[in-house]
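The values are calculated or read from the model by the stated rules, or taken from the named source; none is laboratory data. All of these numbers come straight from a predicted model, not from anything done at the bench. Backbone-built Cβ (ideal geometry, glycine too); neighbour counts: all protein chains shown. Heads up: the accessible areas ignore ligands, DNA and RNA and are worked out on the full protein's heavy atoms, side chains in. Shrake-Rupley method; radii C 1.70, N 1.55, O 1.52, S 1.80 Å.
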Amino acid sequence: MGMLDADAAREAVTQLEALARELAERDFETRVTSDCGTTSLCVINPAVRSSRETIAVAPADDGVWWFWWSRGDRIARVTDVETAAFKVACVLIPQATD
């Protein structure tokens, strides 16, 4: 990993921490973890404990860093914390059914 790659990776982790703060402000439980060099964010809806997701940060094939769902789909660019927080919150809050 070159210096620019290392800087981009550090910035991505900083953005993941910003996402954790944003979701915590929305009353989600958040925990940033690092496992084998991979940093991720565990998000839990405390009202529905089974409603949880693990968010990762990684570059796409073009080198742009994204937040990723655990299933491998992109959420938003790491520079767009607000959009990522909105999407994660929408997924973790159960929708009312009629």
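Tell me which of these VAL88 doesn't satisfy, since it passes every other one: (1) in contact with a helix residue (DSSP H, G or I) (Cβ under 7 Å, 6 or more places away or on another chain); (2) open to solvent by 20 Å² or more (accessible area, probe 1.4 Å).
Every listed condition holds for VAL88 apart from (2).
Please determine, by comparing only the residues of the range 73-98 that are of a type in the set (A, V, I, L, M), within 19 Å of ASN45 (Cα to Cα) and part of a loop (DSSP other than H, G, I, E, B), which one is nearest to the chain's Cα centre (by Cα).
In this case the residue turns out to be ILE93.
Kindly indicate whether ASP27 is touching a residue at least 12 places away in the same chain (Cβ under 8 Å) and exposed (fewer than 14 other Cβ atoms within 10 Å of the Cβ).
So ASP27 passes the test.
Quick one: count up the residues across the range 1-34 that are modelled with pLDDT under 85 and of a type in the set (Gly, Ala, Ser). Before you say what the answer is, go through the steps one by one.
Of all residues in the range 1-34, those modelled with pLDDT under 85 come to 1-6.
Filter again for of a type in the set (Gly, Ala, Ser), leaving 2, 6.
Qualifying residue count for the region: 2.
Return yes or no: is ASP7 charged (D, E, K, R), open to solvent by 60 Å² or more (accessible area, probe 1.4 Å) and either touching a Pro at 6+ places or on another chain (Cβ under 8 Å) or in a helix (DSSP H, G or I) (or both)?
Yes: the conditions hold for ASP7.
In the range 35-62, which residues are more than 13 Å from the chain's Cα centre (by Cα) and at pLDDT below 90?
ASP35, CYS36, GLY37, ARG49
Is it true that VAL88 is of a type in the set (A, V, I, L, M) and at pLDDT 95 or above?
yes
From the list VAL88, VAL57, VAL81, which residue is touching a residue at least 60 places away in the same chain (Cβ under 8 Å) and closer than 16 Å to ALA9 by Cα?
Exactly one residue qualifies, and that residue is VAL81.
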